[in-house]
Amino acid sequence: MKQVVISGTGLYTPPYSISNEELVACFNTYAEKFNADHATEIADGSVTALELSSVAFIEKASGIKARYVMEKAGILDPERMVSHIAERSDDEISIQAEMAVAAARDAMERAGRTAADIDMVLVACSNMQRAYPALAVEVQDALGIDGYGFDMNVACSSATFGIQQAVAAVQSGQARAVLVLNPEITSGHLNWRDRDSHFIFGDACTAIIVEAKDTAVSQQQFEIIGTELKTRFSNAIRNNFGFLNRFDEAGIGQPDKLFRQQGRKVFKEVCPMAAEMIKATLAKAGVEVAQVRRYWLHQANLNMNLLIARLILGRDAEPGEAPVILDTYANTSSAGSIIAFHKHQDDLEAGALGVICSFGAGYSIGCVVVRKL
């Protein structure tokens, strides 16, 4: 079977960062005003007072210290608490496509590829800004790529599922090279007024070039030696926003139309699933856990990553074994594991083995085993 490599990765980082201190100051201003405005109802028990947030709470719960966003002022306005991004005309490139184009150019430069070398564009992410036309086709047009493109959504696992789709396209001969893109404006689906989740997400976009090993020309190549995907339905992470919402006006603006999760349940159920999936994927690829130099895990929560690594290794991960970027990027959904891979790959020696793993709503888990060439 044709051998396939990741020949380049790219990253677009938004221009604005919000620290925990800034986020807490905004949230607490909102919470204090809410409690003052509803003092009578809170006193008679008909309304529950909002609990204040804190930097210590956020960092203990998640390990997150800051997050990048596409727009900052609107989020930090206690009267608004949502980004203010002007809608673009149909004749302008969309904001999500613009992010993807920037990340794509970075990946193409690292891979030593031009638009003429790519046959397929795949946008794989949690939230698309529109139903159609496909963002992938818009990016394809903006980059001048011939061939075809389409969108797919497997929530936080979209990148690893996208890599597997790219591998299949290259191995079948349908594409010489595939551009996989993960443009995430997760700030758009976050409820900034919810103390338990207002700190979780950040915006970013990653890009991956997947192509045949025998034609790759880049200096940094990772041979893909195994991929495994798994889904199992769960309501523990959910977002009910969609076009059907307008059929029932009672639901418009309700909290379930934004991100929500049962955090403790997700932690308890997903961590062992992810660890077992990684071990099973390695075994199928003929690789022992002790041979793996690095794990690029989904960047959702530091405590989850620490536990997953412990379940795989039977000990705490050593520095460099499971690099963390969520302290500065927060949870960027599908982009998280790829940001970690992008930023922590160049130091590996030839022959080093690693695992890219993402996990999230669905539940969905994707694993990609790679070897540095």
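The values are calculated or read from the model by the stated rules, or taken from the named source; none is laboratory data. Computed from a predicted model, the values in this text were never measured in an experiment. Cβ sites come from the backbone with ideal geometry, for glycine too, and all protein chains shown count toward neighbours. Ligands, DNA and RNA are excluded from the accessible area calculation, which covers all protein heavy atoms including side chains. Shrake-Rupley method; radii C 1.70, N 1.55, O 1.52, S 1.80 Å.
The calculated pair-distance distribution of segment 311-370 uses every alpha carbon pair, bins of 10 angstrom beginning at 0, and gives 18, 51, 29, 2 percent. Other residues whose C-beta falls under 14 angstrom from the C-beta of Asp90 contribute a net charge of -3, scoring Lys and Arg +1 and Asp and Glu -1. If you run the Gaussian network model on the chain, springs between alpha carbon atoms under 10 Å, then out of Asn305, Asn20, Asn245 the most flexible one is Asn245.
Here segment 1-45 is treated as an ellipsoid with the same Cα gyration tensor; its semi-axes, largest first and in whole Å, are 49, 16, 6. Ligands, DNA and RNA left out, the 1.4 Å accessible surface of the chain is 51% carbon and sulfur atoms.
Here the Debye sum runs over all C-alpha atoms of the chain as equal scatterers in vacuum, and log10 of I(q)/I(0) at q = 0.06, 0.11, 0.12, 0.13 Å⁻¹ comes out as -0.23, -0.75, -0.88, -1.03. Segment Phe241..Arg88, full-extension length gain: 53.0 nm, with 0.36 nm per residue of separation and the alpha-carbon distance subtracted.
Applying the Kirkwood pairwise sum to the alpha-carbon positions of segment 148-266 produces a hydrodynamic radius of 17.2 angstrom. Projecting the Cα atoms of Leu244, Gln261, Thr281 onto the charge dipole of segment 241-285 (Cβ charges, centred on the Cα centre) puts Thr281 farthest toward the positive pole. Amide H contacts under 5 Å for Cys125: Met152, Val154, restricted to partners 5 or more places along the chain or on a different chain, H placed in the peptide plane at 1.01 Å from N. With respect to the cross-link table entries Lys2/Lys372; Lys33/Lys60; Lys343/Lys372, which display a Cα-Cα separation exceeding 19 Å? Lys33/Lys60, as the Cα separations exceed 19 Å there. Taking the charge dipole of segment 70-196 about its Cα centre, with +1 at Lys and Arg Cβ atoms and -1 at Asp and Glu Cβ atoms, the residue from Ile163, Ile95, Ile145 reaching farthest to the positive side is Ile163. Our note on the geometry: Cα centres of segment 228-268 and segment 124-197, 20 Å apart.
Could you give the longest part of the chain that holds none of the GluC sites (Glu not before Pro) found in DSSP loops with at most 16 neighbouring Cβ atoms within 10 Å? Result for the longest clean stretch: 93-287. A 1.4 Å probe run over segment 307-373, with the rest of the protein chains in place, finds 30 Å² accessible per residue.
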